[in-house]
Amino acid sequence: MPIIKVDTVDAYVFRRLHGKVQFLLIQRRPDVPLGGSWVGFHTTIESGERAVAAAKRAIRTVTALEPDQAFSADFVNHFYNHTTDEIVFSPVFAFTVPRVSSVSLSEDFAEFAWLDRDEATSRLAFSGQRWAVRHIEEIIGLGGIEAELYRIGDGMVDPQVKTDK
């Protein structure tokens, strides 16, 4: 019987540029698992670590970017890992970065790209990833009152996450 695991997190970085939302996707090197695929950020949550802190850590580690706002994407990605017979649940977060940000990729990744929603979803292999990008753009991407409902900050969830409030 499969076991249920909740020890990973997914994150998507976006920026607002000229009134449009752009998502940062990264491409795995060809010689690593899922080589050549375009992805958002995915990492394991360390013991005692909050999920949002793990997501922020993944972004920093992979890109050297410092997110300035954090949001709950109001979505939990789920998938079946056939190699381990596990059903995996990953909370999804969205982070903004300044419009002009320098990306410095870690060695596991070959390229990065800032993409609009349609181009981003066309590059993502898994339906949960594509759904997350569409959902983030719809509820958070353009800002406003609804986006503020999903903002994480002001000590509510993770005091390590900076906000611009």
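Residue-by-condition table, conditions (1) outside any helix (DSSP H, G or I); (2) of a type outside the set (Gly, Ala, Ser); (3) without any contact (Cβ under 8 Å) to a residue 24 or more places away in the chain; (4) surrounded by 15 or more Cβ atoms within 10 Å (Cβ to Cβ):
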position: Ala94; (1), (2), (3), (4): yes, no, no, yes
position: Ser101; (1), (2), (3), (4): yes, no, no, yes
position: Ser106; (1), (2), (3), (4): yes, no, no, no
position: Trp114; (1), (2), (3), (4): yes, yes, no, yes
Q.
Among the residues of the stretch 83-92, are any polar (S, T, N, Q), out of contact with any Asp or Glu (no Cβ under 9 Å at 6 or more places or on another chain) and either within 18 Å of Gln22 (Cβ to Cβ) or in a strand (DSSP E or B) (or both)?
A. no
Q: From Phe93, Phe79, grab the single residue that is of a type in the set (Phe, Trp, Tyr) and at pLDDT 95 or above.
A: Phe93
Q) Of all residues in the stretch 1-37, which are surrounded by fewer than 12 Cβ atoms within 10 Å (Cβ to Cβ) and acidic (Asp, Glu)? A) Asp31
Q) In the stretch 51-86, what residues are surrounded by fewer than 19 Cβ atoms within 10 Å (Cβ to Cβ) and aromatic (Phe, Trp, Tyr)? A) Phe75, Phe79, Tyr80
Q: Name the one entry in Thr8, Thr44, Thr63 that is polar (S, T, N, Q) and more than 21 Å from Ala120 (Cβ to Cβ).
A: Thr44
Q: Taking the options Gly48, Gly35, name whichever one is in contact with a Lys or Arg (Cβ under 7 Å, 6 or more places away or on another chain) and free of Cβ contacts under 8 Å to residues at least 12 places away in the same chain.
A: Gly35
Q | Conditions (1) closer than 21 Å to Val9 by Cβ; (2) surrounded by 17 or more Cβ atoms within 10 Å (Cβ to Cβ): number failed by Phe89 | A | (2)
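The values are calculated or read from the model by the stated rules, or taken from the named source; none is laboratory data. The model shown is predicted, which means the values in this text are computed figures rather than measured ones. All Cβ positions, even for glycine, are placed from backbone atoms using ideal geometry, and neighbour counts span all protein chains on display.
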